[in-house]
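In what follows, a structure is listed as structure tokens, so that the remarks can point back to it.
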Amino acid sequence: MGRLIVVSNRVATPTETKGSAGGLAVGVFGALKDAGGVWFGWSGDVVSETVANAGPMLEQDGAVTFATVGLTRKDYDQYYRGFSNATLWPVFHYRNDIARYERDEYAGYRRVNAWLAHKLVKLLEPDDIIWIHDYHLIPFAEALRSEGVTNRIGFFLHIPFPAPQILLNIPPHEELVKSLSCYDLLGFQTATDQQAFHDYVTRHARGTVSADGIVEAFGRKLRTGVYRIGVFPDEIAEQAKRYESRQHVLELKQSLEGRKLIMSVDRLDYSKGLVERFRAFELLLERAPEWRGNVTLVQIAPPTRSDVATYQKIRQDLEYEAGRINGRYSGLDYTPIRYLNQQYDRWKLMSLFRESQIGFVTPLHDGMNLVAKEYVAAQNPDDPGVLVLSIFAGAAAELSGAVLVNPHDAIGMCEALQRALQMPLDARQRRHEINMAALRENDLGVWRDSFLRDLRSVPVRRSGEGGGHQ
Ligand code: ADQ
């Protein structure tokens, strides 16, 4: 079995993969440890051109090499802050209204992909398989192919793939899909995302799609599949239980004075539906006065990408909404919304989830949403909380025990909260069992292993076959 090469925009450090990191870093690292290999990507640092060109920096941990490079200010602005996060991210989350397109940023995006690929080539061995992650790196395989690399290369998209009409808003949409067709295997979070890609191929690229997901387009042939990312539910359950009587949980309990607790945890991102969520909670207090003073929403939302203008705006909007709602319904001893802009240790989050009666997860669009899965896994099976989940989270396709809501329907969300707050124990337990069974059937290991098995089974190219497997 050849080594595994993982490429992602950011590389978790060896320490992160062992401790507080989210499931993804742990899952990917597990595969790397098994096969041996390299995890390659951006270090997260902005550096001078000399330092950037001197990379990659190598750090060894057992059979895994962590290889990282810094980005220059220009590369960071064009590739990361620009095309990745001000064009691709909003459009792929159906927010054309706040997306921008700048030709020089797109050129920078392609240039950085080509530069990163060039850096990686030197670390490759002939029978390595290469797994590229996410929207920052769409042109990566094309860049590797143009350097003569014939290894198997797979790509997993962590975010939604938009319907063709939406994708057309990005002027070089065809080049992007052509770049995707240079992979041997394309993985999506849900069947809806895979279908959207197929629709683009048949309607806009004069390509064909067979029943087993094989796509032929741009003179290339590739495989597509659905690989739903998951968590390790039993590990989370164990962690949540182990930390349930720690100081932070006891303090929270004491401060709630018997009030019900609704928990929400997200990166501070406009795709997560935070403003709509606050308004639905406000509506609960407005329409059901018996809950005033008796239920608290804890929203944990650490800022991300804060140098992208649209992220500054969502932060201001939320601060305004939290202040307005708290001003309206607070008492001397009661604050309805506790809004915290902080990163928390994973184990702390899981134990807080276990303390709560509702997990309120309402993105407007989300590839999967691991918080929804973590919330379920962290519950006490003897007295589980209820997951109230947006139909626009990828996780909604699996978690049929959740109370599903449309985040654009404030009254519907308010009614769902009321229902969840009053749900009897036996109904909560039934829903929890259904959700846990779904998490166990499709855990993080299944996601990782099925993607890698499919990638390893792709026929090997002969040199000269740069384009796509035949
Ligand atoms: P994200 O948009 O980051 O991921 P999500 O799937 O919910 O969304 O993952 C967030 C992770 O960060 C979770 O593991 C969560 O516990 C952790 N986290 C969030 N807030 C935190 C905080 N305050 N402190 C500590 N940890 C925190 C992208 C896509 C998703 C897709 C994932 C994985 O947008 O749709 O599910 O990748 O593919």
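The values are calculated or read from the model by the stated rules, or taken from the named source; none is laboratory data. Just so we're clear, the structure is a prediction, and the values are computed from it rather than from any experiment. Positions of Cβ are generated from backbone atoms using ideal geometry, with glycine treated the same way; all protein chains shown enter the neighbour counts. Ligands, DNA and RNA are excluded from the accessible area calculation, which covers all protein heavy atoms including side chains. Shrake-Rupley method; radii C 1.70, N 1.55, O 1.52, S 1.80 Å.
Using Cα positions and a limit of under 13 Å, work out the aspartates and glutamates in reach of LYS253, with same-chain residues fewer than 8 apart set aside.
Excluding near neighbours in sequence, the set is GLU244, GLU355.
For helix 425-441, report the angle its Cα long axis makes with the longest principal axis of the Cα atoms of the chain; keep it between 0 and 90° and round to the nearest 10°.
10 degrees
Quickly work out the ASP45-to-ASP212 label distance, labels modelled 7 Å from Cα along the C-beta direction, and quote it in nm with one decimal.
4.7 nm
Can you find, among LEU349, GLY385, ILE411, the residue farthest towards the positive end of the dipole of the chain? Put +1 on the C-beta of Lys and Arg, -1 on that of Asp and Glu.
Among LEU349, GLY385, ILE411, the one farthest towards the positive end of the dipole of the chain is ILE411.
Expressed as an acute angle from 0 to 90° and rounded to the nearest 10, what is the orientation of the C-alpha long axis of helix 346-355 relative to the principal long axis of the chain?
Its long axis makes an angle of about 40 degrees.
What FRET efficiency comes out for the pair GLU102/THR15, r = Cβ-Cβ distance, R0 = 30 Å, nearest 0.05?
Calculated value: 0.25.
Measure up LYS33/LYS221; LYS178/LYS313; LYS178/LYS272; LYS33/LYS122; LYS313/LYS348 against 25 Å on the Cα-Cα distance and list the ones that go over.
From LYS33/LYS221; LYS178/LYS313; LYS178/LYS272; LYS33/LYS122; LYS313/LYS348, over 25 Å: LYS33/LYS221; LYS178/LYS313; LYS178/LYS272; LYS313/LYS348.
Which whole-number percent is the relative contact order of the range 383-440 (Cα, under 8 Å, 6+ apart)?
After rounding, I find 42 percent.
Rounded to the nearest angstrom and ordered from largest down, what semi-axes does the equivalent ellipsoid of the chain get from its C-alpha gyration tensor (root of 5λ)?
Ellipsoid half-lengths, sorted descending, are 39, 23, 22 Å.
If I stretch the segment between LEU256 and SER400 completely, what's the gain in nm (0.36 nm per residue apart, minus their alpha carbon distance), one decimal?
Difference between extended and current length: 48.8 nm.
Which angle between 0 and 90 degrees, to the nearest 10, do you get for helix 444-456 versus the longest principal axis of the chain when only C-alpha atoms count?
10 degrees
Sorted by accessible area (1.4 Å probe), largest first, how do ASP77, ASP128 line up?
Solvent-accessible surface, decreasing: ASP77, ASP128.
Restricting to the range 234-440, compute how many DSSP beta bridges are antiparallel as a %, nearest 5.
Beta bridges within the range 234-440, antiparallel portion: roughly 5 percent.
GLU433 accessible area, nearest 10 Å², 1.4 Å probe?
120 Å²
Can you give me the distance in nm between label points at ALA54 and LEU123, each placed 7 Å from the Cα along the Cα-to-Cβ direction?
Result: 1.8 nm between the two label points.
Ignoring any ligand, DNA or RNA, what whole percent of the accessible area of the chain comes from carbon and sulfur when the probe is 1.4 angstrom?
48 percent
Would you mind calculating the relative contact order of the range 234-440 from Cα pairs under 8 angstrom and at least 6 residues apart, reporting the percent as a whole number?
25 percent
Just to make sure I understand: if all protein chains stay in place, what is the order of TRP115, TRP89 by accessible area at 1.4 Å, largest first?
The most accessible residue leads, giving TRP115, TRP89.
With no solvent and one point per C-alpha, what does the Debye sum give as log10 I(q)/I(0) for the range 266-312 at q = 0.14, 0.16, 0.24, 0.33 Å⁻¹?
Per q value, in the given order, log10 I(q)/I(0) is -0.45, -0.54, -0.86, -1.20.
How would ARG440, ARG324 line up by accessible area, probe 1.4 Å, largest first?
Putting ARG440, ARG324 in descending order of accessible area: ARG440, ARG324.
Among bridges DSSP assigns within the chain, what percent are antiparallel (round to 5)?
20 percent
Quick check: net charge around ALA63, other residues with Cβ under 11 Å of its Cβ, Lys/Arg +1 and Asp/Glu -1?
0
Enter the accessible area per residue of the range 234-440 (Å², integer; probe 1.4 Å; all protein chains in place).
Per residue, the range 234-440 has 41 Å² of solvent-accessible surface.
Testing the spin-label approximation: label points 7 Å from Cα along Cα→Cβ at GLU175 and ASP383. State their distance in nm.
5.9 nm
Tell me, in nm to one decimal, what length is gained between ASP409 and MET1 on full extension, where the rule is 0.36 nm per residue of separation less the Cα-Cα distance?
Here the segment from ASP409 to MET1 would lengthen by 141.8 nm.
For the range 234-440, take the alpha-carbon Rg, divide it by the Kirkwood Rh, and send me Rg/Rh.
Rg divided by Rh gives 0.93.
So if each residue of separation counts as 0.36 nm, and I subtract the Cα-Cα distance between VAL460 and ASP426, what length gain in nm does that give?
Using 0.36 nm per residue and subtracting the Cα-Cα distance, I get 6.9 nm.
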